[in-house]
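Taking it in order: structure first as structure tokens, then the write-up.
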Amino acid sequence: MKMLLRVNLVVITLLSILAAVPKLIRVPQELDFFAGVGLGPAAVVIFGAIQLIGGVLLIRGKTRRLGAMITAAMFLGSAVMVLASGQWMFGIVSLVPVVLAMLLARSALRLTPSRPA
């Protein structure tokens, strides 16, 4: 079980960080998508920065739970925007990372290595 949690940690961390990059560098397709749901370029960059922060916080054991909660919230925001744009199937599939990040938040303490007393 611990191995599955570690795989989940790696996948969600990479997904969060890699999803942030196109927003931070203002890829035109990202800007167009966000504009379609009523958000401007500044909102895209802020969204990407928060995604990146969540992903980075997942790396350290002490900040992992907070990072997982931020990441879950940002993935949920993305999924809602995808659903709002009318892309139902992709929106439903986009909920999978939300669930995986929430599981990661729940299990964050089990992934943190214990230190000898």
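No lab work stands behind these numbers, since they all come straight from the coordinates. No experiment lies behind these values; they were computed from the predicted model shown. Don't worry about glycine lacking a Cβ; one is built from the backbone with ideal geometry, like all the others, and counts go over all protein chains shown.
Under the criterion of Cα pairs below 8 Å and six or more residues apart, the relative contact order for the chain equals 27 percent. Working from label points 7 Å from Cα in the Cα-to-Cβ sense, the residue 60 to residue 99 distance is 3.2 nm. Ellipticity at 222 nm from helices only: DSSP H runs of n ≥ 4 in the chain, each -39500 (n - 2.57), divided by the residue count, give -26000 deg cm²/dmol. Across the range 82-99, coupling constants 3J(HN,Hα) worked out from phi with the 6.51/-1.76/1.60 Karplus curve, θ = phi - 60°, read 5, 5, 5, 7, x, 8, 4, 5, 5, x, 5, 5, 5, 7, 4, x, 4, 4 Hz, and Gly and Pro carry x. Checking every one of the trypsin sites (Lys or Arg not before Pro) in the range 11-117 against DSSP loop status and a limit of 14 other Cβ atoms within 10 Å picks out 26, 60. When the chain is described by a simple charge dipole with +1 on each Lys and Arg Cβ and -1 on each Asp and Glu Cβ, the residue from 72, 88, 31 located farthest towards its positive end is 72.
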